[in-house]
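A short worksheet on the structure shown next.
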Amino acid sequence: MQIGIDSFAAVPTNSAAEKLISGAEAMSQLLDRMERADQVGLDVFGIGEHHRQEFLDSAPTLILAAAAARTKQIRLTSAVTVLSAADPVRVFQNFATLDLISGGRAEMVVGRGSFTESFPLFGLNLNDYDALFAEKLDLLLTIRDQENVNWSGKFRAPLKGQGIYPRPVQPQIPVWLGVGGTPQSFIRAGALGLPLMVAIIGGETHRFRPLIDLYRQAGQMAGFAPEQLQVGLHSLGYVANSTQEAIDDYYPGYAQTFTRIGRERGWPPVTRPHFDALLQPRGALLVGNPEEVAQKILRHSEALGGISRVTFQMDNADLSHEQLMQAIELLGTRVAPLLR
């Protein structure tokens, strides 16, 4: 099983003073964490894409390219590329360039995104939410597989045999489909034979098993071998030397972040009983000491019929750079060996 980290390049606050650090300092710290993840042997580091004040990841391939120059082995991916709001030609060119810079370590996770700011920002109609994604995914996969492209669609000018360059080091850049809880998204990934990255940030993880079964059934019906139908798990989590330390570090910032997001989406405020429920064996949060977290991941894998990758999102709880660096160290030196 591969293990890695996803980051939204959040700008943390100094909780005591409620003061933001500078964007330049936050970016420098993020690159340090990406370098440390490579040094301790983690498999993958993903950067999200948002267009909000609290995140610095509106141009994720630039961050990944900077990390490529400072790392040697770790695979570099998006988490996710908001394909509905992007030009697939430029997406491919950016990741092909990243592949050249990194020596063949680029991947992408594409999805529709959990926020909608990109639609008005780029002049798109939110009513076209799914149609935009389906069409652009088709074009992206066509470009990945063909150097000269003949293609036409509704939302973009046609391509009439143009060559799309540069081409990557890898014969095919891996494209994962990032999904939430929509059955059609799982079926689409299976029908296309794409590896699946499932974002499970709340509730009980085993409840996603029927959706993952839909994915595998659709893939097998489309003629893809079971080993091609990989499932990854994107989870909120944090590791410390002891479970109590992990909880004490993580809960305050987690509650603040998701209470704020909840005000936008109509969710109730986060309470400690709600948080404690997510820490239970079936709960989605991966927060604890290294041995407990590894055991919980393995239980999740069994409940979901087997997963090949798990990524932690840790920078959503206003943790300090030092806390995140320690967690990366523990993931690489204690959690990963147990999973492998």
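The values are calculated or read from the model by the stated rules, or taken from the named source; none is laboratory data. The structure presented is a predicted model; accordingly, all values stated were derived computationally and were not measured. A quick note on method: Cβ atoms are made from the backbone with ideal geometry, for glycine too, and the neighbour counts reach across all protein chains shown. Only protein heavy atoms, including side chains, enter the accessible area calculation; ligands, DNA and RNA are left aside. Shrake-Rupley method; radii C 1.70, N 1.55, O 1.52, S 1.80 Å.
Filter the stretch 277-313 for residues that are in contact with a Pro (Cβ under 9 Å, 6 or more places away or on another chain) and not hydrophobic (A, V, I, L, M, F, W, C); which is nearest to Arg334 (Cα to Cα)? Write out each step before concluding.
Initial filter on the stretch 277-313 (in contact with a Pro (Cβ under 9 Å, 6 or more places away or on another chain)): 294-296, 299, 308-309.
From the residues that got through so far, the ones that are not hydrophobic (A, V, I, L, M, F, W, C) too are 295-296, 299, 308-309.
Working: Gln295: 12, Lys296: 14, Arg299: 17, Ser308: 18, Arg309: 16 Å.
Within the stretch 277-313, the match that is nearest to Arg334 (Cα to Cα) is Gln295.
Got a number for residues in the stretch 293-314 being hydroxyl-bearing (Ser, Thr, Tyr) and open to solvent by less than 10 Å² (accessible area, probe 1.4 Å)? Working first, answer last.
Quick first cut of the stretch 293-314, residues hydroxyl-bearing (Ser, Thr, Tyr) only: 301, 308, 311.
Next, only the ones that are open to solvent by less than 10 Å² (accessible area, probe 1.4 Å) stay: 311.
Result for the stretch 293-314: 1.
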Criterion: free of Cβ contacts under 8 Å to residues at least 24 places away in the same chain, touching a helix residue (DSSP H, G or I) at 6+ places or on another chain (Cβ under 7 Å) and either within 29 Å of Glu54 (Cβ to Cβ) or part of a helix (DSSP H, G or I) (or both) - qualifying residue of Pro268, Pro281, Pro273: Pro268
Near pairs, Cβ below 7 angstrom, 6+ apart or cross-chain, from the stretch 1-12 (farther than 10 Å from Val310 by Cα) to any residue that is part of a loop (DSSP other than H, G, I, E, B) and acidic (Asp, Glu): Ser7/Asp315; Phe8/Asp57; Phe8/Asp315; Ala9/Asp57; Ala10/Glu54; Ala10/Asp315; Val11/Glu54; Pro12/Asp318
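Between Ala317, Ala327, which is aliphatic (A, V, I, L, M), open to solvent by less than 10 Å² (accessible area, probe 1.4 Å), at pLDDT below 95 and closer than 25 Å to Ala9 by Cα? Can you show your working first?
Working: Ala327 fails: at pLDDT below 95.
Being aliphatic (A, V, I, L, M), open to solvent by less than 10 Å² (accessible area, probe 1.4 Å), at pLDDT below 95 and closer than 25 Å to Ala9 by Cα holds for just one of Ala317, Ala327, which is Ala317.
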Enumeration of residues in the stretch 212-254 that are over 23 Å from Ile328 (Cβ atoms), open to solvent by less than 30 Å² (accessible area, probe 1.4 Å) and part of a helix (DSSP H, G or I): Ile212, Tyr215, Ala218, Gly219
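From the list Thr97, Thr71, Thr77, Thr61, which one is assigned to a strand (DSSP E or B) and touching a residue at least 12 places away in the same chain (Cβ under 8 Å)?
Working: Thr97 fails: assigned to a strand (DSSP E or B); Thr71 fails: assigned to a strand (DSSP E or B); Thr61 fails: assigned to a strand (DSSP E or B).
Thr77 is the lone residue from the list that is assigned to a strand (DSSP E or B) and touching a residue at least 12 places away in the same chain (Cβ under 8 Å).
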Where a residue in the stretch 158-183 is closer than 19 Å to Ile307 by Cβ and its partner, wherever it lies, is of a type in the set (Asp, Glu) and in a loop (DSSP other than H, G, I, E, B), with Cβ under 8 Å and at least six apart: Pro174/Glu107; Val175/Glu107; Trp176/Glu107
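Show me the helices (runs of 4 or more DSSP H) entirely contained within the stretch 107-198 in which 3 or more residues are open to solvent by less than 60 Å² (accessible area, probe 1.4 Å). Give the steps one after another, and end with the answer.
Working: elements: 118-121, 129-145, 183-192.
The helices (runs of 4 or more DSSP H) meeting that bar are 129-145, 183-192.
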Condition broken by Asp99, with the remaining ones in (1) more than 30 Å from Pro252 (Cβ to Cβ); (2) open to solvent by 60 Å² or more (accessible area, probe 1.4 Å); (3) among the acidic types (Asp, Glu) satisfied: (2)
Single unsatisfied condition, Leu339 versus (1) crowded, with 20+ Cβ neighbours inside 10 Å; (2) in contact with a strand residue (DSSP E or B) (Cβ under 7 Å, 6 or more places away or on another chain): (1)
